[in-house]
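Below: one structure, written as structure tokens.
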Amino acid sequence: MRLVVDLNRCQGYAQCAFLAPDVFTMHGEESLVYSPWADDEQREKVARAVAACPVQAITADGLDGPGEPAAAAGQGAPDAR
Amino acid sequence: MPAEQFHEWLRREGRIVVVGASLAGLRAAETLRAEGFRGSLTMIGDEPYQPYDRPPLSKAVLLGKAAPDRTDLPRRRDIDAVWRLGTAATGLDLAAQRVRLADGDEVPYDRLLIATGVRARPWPKEEEAQLDGVFVLRTRDDAVRLHRRLKAGPRRVFVIGAGFTGSEIASACRDQDIPVTVAERADAPLVGALGGVVGAVAAELHHDHGVDLRTGVMVTGLEGSPVGRVRAAHLSDGSVVETDLVVVCLGATRNTEWLTGSGLGAGPRGIACDAGCRAFDFRGIVTDDVYVAGDVARSPHPLFSYQFLSLEHWGNAVAQAEVAAHNMISASSDRIPHMWVPAFWSSQFGVNIKSVGVPSMGEQIMITQGSLTERRFVGVYGYQGRVIAAVSFDNTRWLEFYERQIETGAPFPVEYPTMDRRPEGRKAMPADFPDPSLPTHGPTVTLSGYSPADRRLVFTPSRH
């Protein structure tokens, strides 16, 4: 599973670090450090993190199953930045 | 063919070529498909890898939280492209609409997107740059090599240049208790991007975390052992630092050499384009079939007096790619301008540093929230009586507010009361940027062209 966090959007709410601590961790007060690649057994947790992010900063593919590009949070907004 | 019919044909069976298979190239390709482009799509990249993300290479990877060869970018959708990876583009024939490749092949296009980005500026003394143990950090291969050496436990790491990359590397080394020396030509880290007031805070961060920070010095030479391994760095103040690992962080060079002689307005500062991402030719005439996006583009921005900006920002690569892709397949009346407000982040020594706007244009700075001594603050930059940028140290949630202030040209000095403003923050002070004609580690924003408001030009030769 590949993932990327738009750190311009990220505001350090740490929901992802709470829901998928093996993938996302906080480094200091509000810096997010994450692994851009997650094992399949993390899928459910990553999916929860994607859904829970208050600013929809996480994009991940393969959330529906191996090899399938999945819809991701935060895309499609006309003013997405 | 009338314009309307042409665009219909283009969307149905046109040929689009994207040169540069990184973040901007990938997001452009996805946007093209999302907007209904059904023709052929060719992705050309000089690296042998599918598009991957670079910011983690100097952060998560060096901290051991991510594998250097596993930062592939997730896909928003299937792009059904022909991939020509590991093959650099070597030339462009504008008249014949063809891209030449290193393997001798030529790829014809109806629309071309150039997103070739930048590369790390190497150590200028070639023989010393070849020494074993001397690195740059830009690509995945660089990260794999550097990561391996850091894991082997070097006695000391020597970083040349205290810009964002250099500071992040120093931070990652200290996190793992590796001794590190940082040499910077300016008087503080991050000065080129954020100025001396904020740079002084960055210097404290280095000191507090045990970095041996040397400012106001230049590296005069790297010394190798008889078997060709680096063993020491010589500084302009006469000091010598013994080291077995050197990371050169001197900023980036734009990948435009392959366009030499093509007739495009391309040079060391990037490829000039209009607000709709259409490239200019060298006569200043806009092309209709060549588009530019990402780090390699230079485009005029209305919020910044229409100066040409080239931005090495992750978010800009995404936003500009989306605009370019939309405009490539749209009739002129449907085209949209690229007016993204510059923004970037860095994470070092456990502090989240973020900025919006163009700090390096600022003349003055006010600390409108928090305080410098706590290293938790918002600094607002002013230019000619208005807010032009803001930077936050561990205060990111306020940045959106300041982004609106920049967009609406709010007055500076800031008069409205803010949360958590201290007495020291009531006065504006000089932002203390160094003379831009003196290169330091290379800022991530390059102001080029001139401001029409100035109405005069002073020619300063570039030492690029």
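Couple of notes before you dig in:
- Each residue in region B:338-350 was checked for being touching a strand residue (DSSP E or B) at 6+ places or on another chain (Cβ under 6 Å), within 26 Å of B:Asp208 (Cβ to Cβ) and not in a strand (DSSP E or B), and 1 of them qualify.
- Within region B:88-131, strands (runs of 3 or more DSSP E) holding 2 or more residues that are among the aliphatic types (A, V, I, L, M): B:89-93, B:98-101, B:111-114, B:118-120
- Residue that is farthest from the other protein chains (Cβ to nearest Cβ), among those in region B:351-386 that are hydrophobic (A, V, I, L, M, F, W, C) and over 19 Å from B:Val201 (Cβ atoms): B:Met361
- Among the residues listed as B:Val82, B:Val107, the single one being in contact (Cβ under 8 Å) with a residue 12 or more places away in the chain, more than 11 Å from chain A (Cβ to nearest Cβ), farther than 19 Å from B:Ser262 by Cα and β-branched (Val, Ile, Thr): B:Val82
- Residue in region B:26-34 that is within 19 Å of B:Val292 (Cα to Cα), within 12 Å of chain A (Cβ to nearest Cβ) and in contact with a Ser or Thr (Cβ under 6 Å, 6 or more places away or on another chain) present: no
- Hey, B:Gly133 under 20 Å from the mean Cα position of the chain (by Cα) and small (Gly, Ala, Ser) or not: no
- Residue match in region B:316-337 (condition: buried (at least 23 other Cβ atoms within 10 Å of the Cβ) and assigned to a strand (DSSP E or B)): no
- Top-ranked residue of region B:387-408 - restricted to ones that are in contact with a strand residue (DSSP E or B) (Cβ under 6 Å, 6 or more places away or on another chain), in a helix (DSSP H, G or I) and within 13 Å of chain A (Cβ to nearest Cβ), ranked as nearest to A:His27 (Cα to Cα): B:Thr396
- Selection from region A:9-28 of residues that are of a type outside the set (Phe, Trp, Tyr), at negative phi and in contact with a strand residue (DSSP E or B) (Cβ under 7 Å, 6 or more places away or on another chain): A:Cys10, A:Cys16, A:Ala17, A:Val23, A:Thr25, A:Met26, A:His27
- Residue within region B:133-153 that is more than 30 Å from B:Leu26 (Cα to Cα) and touching a Lys or Arg at 6+ places or on another chain (Cβ under 9 Å) present: yes
- The criterion of being in contact with a helix residue (DSSP H, G or I) (Cβ under 6 Å, 6 or more places away or on another chain), surrounded by 22 or more Cβ atoms within 10 Å (Cβ to Cβ) and not β-branched (Val, Ile, Thr) holds for B:Ser346.
- Pick from region B:325-350, criterion more than 8 Å from chain A (Cβ to nearest Cβ) and small (Gly, Ala, Ser), ranking: nearest to B:Ala28 (Cα to Cα): B:Ala325
- Where B:Phe37 falls short, out of the listed (1) touching a Leu at 6+ places or on another chain (Cβ under 9 Å); (2) surrounded by fewer than 16 Cβ atoms within 10 Å (Cβ to Cβ): (2)
- Residue match in region B:188-203 (condition: of a type outside the set (A, V, I, L, M), farther than 26 Å from B:Ser310 by Cβ and either touching a Phe, Trp or Tyr at 6+ places or on another chain (Cβ under 6 Å) or not in a strand (DSSP E or B) (or both)): no
- Of the residues making up region A:11-42, those that are surrounded by 20 or more Cβ atoms within 10 Å (Cβ to Cβ), within 11 Å of another protein chain (Cβ to nearest Cβ) and in contact with a Cys (Cβ under 8 Å, 6 or more places away or on another chain) are A:Val23, A:Phe24, A:Leu32, A:Tyr34.
- Some residue of region B:54-76 being surrounded by fewer than 22 Cβ atoms within 10 Å (Cβ to Cβ) and away from chain A (no Cβ under 14 Å): no
- Restricting region B:409-422 to residues that are over 19 Å from B:Val341 (Cα atoms) and either surrounded by 14 or more Cβ atoms within 10 Å (Cβ to Cβ) or among the small types (Gly, Ala, Ser) (or both), the residue that is nearest to the other protein chains (Cβ to nearest Cβ) is B:Asp420.
- Taken over region A:43-81, the residue count meeting the criterion of being at pLDDT 50 or above and within 15 Å of B:Val318 (Cα to Cα) is 3.
- Scanning region B:360-396 for residues that are at negative phi and among the acidic types (Asp, Glu) yields a total of 2.
- Strands (runs of 3 or more DSSP E) within region B:209-285 that include 1 or more residues within 24 Å of the chain's Cα centre (by Cα) and within 30 Å of B:Leu311 (Cβ to Cβ): B:212-215, B:219-224, B:245-248, B:252-254, B:270-272, B:278-280
- Residue under evaluation B:Pro189, criteria (1) within 19 Å of the chain's Cα centre (by Cα); (2) surrounded by fewer than 22 Cβ atoms within 10 Å (Cβ to Cβ), criterion not met: (2)
The values are calculated or read from the model by the stated rules, or taken from the named source; none is laboratory data. All values reported here derive from a predicted model rather than from experimental measurement. Methodologically, a virtual Cβ is constructed for each residue, glycine included, from the backbone with ideal geometry; neighbour enumeration extends over all protein chains shown.
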